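Undergrad: What follows is a single structure, and I will ask about it in a moment.
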């Protein structure tokens with residue numbers, strides 16, 4: 001017969017496992033968002049340079065940008081969708 005203590009540990013273990021899987025999925029989506037957004041920003045920068053337009057310098061780059069995008073991707077995606085109708089939006093993807 002399974003004791004109350006063993007059953008509680010089993011439930012806690014399963015809960016933590018589900019929580020870790022959810023965090024992993026969240027991080028994978030965030031990483032994908034970062035890669036897609038970075039690619040779109042690089043393309044936009046090249047387009048602006050080719051047009052002779054001013055190109056804003058990157059404020060956050062490298063690890064800091066990666067961490068921001070992985071942790072805040074739902075906010076960025078929602079704001080882009082709300083304002084521009086696309087999850088990935090740059091200065092080049094919406095009308096001036």
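Undergrad: In nm, to one decimal, how far is the residue 60 label point from the residue 78 one, both placed 7 Å along Cα→Cβ?
TA: In this crude spin-label approximation the distance works out to 1.7 nm.
Undergrad: Right, next: Calculate, for residue 49 and residue 94, the FRET efficiency according to 1/(1 + (r/R0)^6) with r their C-beta to C-beta distance and R0 22 Å; round to the nearest 0.05.
TA: Approximately 0.75, to the nearest 0.05.
Undergrad: If you line up the Cα atoms of the stretch 8-96 on their principal axes, what length do they span on each, largest first, in Å?
TA: Largest first, the stretch 8-96 extends 64, 27, 15 Å along its Cα principal axes.
Undergrad: Another question about this same structure. Which of the three applies to the stretch 53-93, rounded, prolate or oblate, going by the alpha-carbon gyration tensor with a ≥ b ≥ c and a/c under 1.5 meaning rounded?
TA: Verdict is oblate for the stretch 53-93.
Every read-out reported here was derived from the displayed coordinates using simple, explicitly stated rules and does not represent laboratory data. On a predicted model such as this, the values are computed, not experimentally measured, just so you know. Every residue, glycine among them, receives a Cβ derived from its backbone with ideal geometry; neighbour counts consider all protein chains shown.
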